[in-house]
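One structure is given below, encoded as structure tokens.
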Amino acid sequence: MISRHWRGLAKPAQADAYVEHLRTETFPALHALPGFISASILRRSQALGVEFLIVTQWASLEAIHAFAGEDARAAVVPQKVQDMMVEYDRIARHYEVVD
């Protein structure tokens, strides 16, 4: 199993809208992909906004390619989400789940 981690810093006024976007658009789309297992939203307040760490679990790196494309490390950040962010990762980090 592969754990994919992506971080973004949302504008304070956009934090709740970002969570809503994940719940109503991103996560339902991920659930339709073969090899997608689960997703978690972690958040914490920071001086410049609300930091989010999105952690998704996948059956394999090949399954991630169906979501991210040829470069599995590439962040998938729609323009709508880019507009909500102060800053965000351009690449995602992948970890093999050991236990």
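For (1) hydroxyl-bearing (Ser, Thr, Tyr); (2) at pLDDT 95 or above; (3) touching a Pro at 6+ places or on another chain (Cβ under 6 Å), each residue gets a yes or a no:
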position: SER3; (1), (2), (3): yes, yes, no
position: ALA17; (1), (2), (3): no, yes, no
position: LEU22; (1), (2), (3): no, yes, no
position: ARG44; (1), (2), (3): no, yes, no
position: GLY49; (1), (2), (3): no, yes, yes
position: ALA66; (1), (2), (3): no, no, no
position: ALA74; (1), (2), (3): no, yes, no
position: VAL81; (1), (2), (3): no, yes, no
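In region 8-26, how many residues are among the small types (Gly, Ala, Ser) and part of a helix (DSSP H, G or I)?
Of the residues in that region, 3 qualify.
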(request) Select from region 42-63 the residues that are loosely packed, with under 14 Cβ neighbours inside 10 Å and closer than 22 Å to VAL86 by Cα and write down the one among them that is farthest from the chain's Cα centre (by Cα). (result) ALA47
(request) Can you work out which of the residues in region 14-41 that are more than 19 Å from HIS94 (Cβ to Cβ) and either of a type in the set (Ser, Thr, Tyr) or touching a Ser or Thr at 6+ places or on another chain (Cβ under 7 Å) (or both) is surrounded by the fewest Cβ atoms within 10 Å (Cβ to Cβ)? (result) THR24
(message) Take the residues in region 85-99 that are among the hydrophobic types (A, V, I, L, M, F, W, C) and farther than 17 Å from ALA72 by Cβ; name whichever of them is surrounded by the most Cβ atoms within 10 Å (Cβ to Cβ).
(response) MET85
(request) Only residues that are touching a residue at least 60 places away in the same chain (Cβ under 8 Å) and closer than 19 Å to TRP58 by Cβ: list them for region 73-85, please. (result) ALA75, VAL77
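Yes/no per residue for (1) farther than 21 Å from LYS11 by Cβ; (2) free of Cβ contacts under 8 Å to residues at least 40 places away in the same chain; (3) of a type in the set (D, E, K, R); (4) in a strand (DSSP E or B):
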| position | (1), (2), (3), (4) |
| --- | --- |
| SER38 | yes, yes, no, yes |
| ARG43 | no, yes, yes, yes |
| PHE52 | no, no, no, yes |
| PHE67 | yes, yes, no, no |
| ASP71 | yes, yes, yes, no |
| GLU87 | no, no, yes, yes |
| TYR95 | yes, no, no, yes |
| ASP99 | yes, yes, yes, no |
(message) All but one of (1) surrounded by fewer than 18 Cβ atoms within 10 Å (Cβ to Cβ); (2) in contact with a strand residue (DSSP E or B) (Cβ under 7 Å, 6 or more places away or on another chain) hold for TRP6; state the number of the condition that does not hold.
(response) (1)
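The values are calculated or read from the model by the stated rules, or taken from the named source; none is laboratory data. The shown structure was predicted, so the numbers you read here are calculated from the model rather than taken from an experiment. Cβ coordinates were reconstructed from backbone atoms using ideal geometry, including for glycine residues, and neighbour counts include every protein chain displayed.
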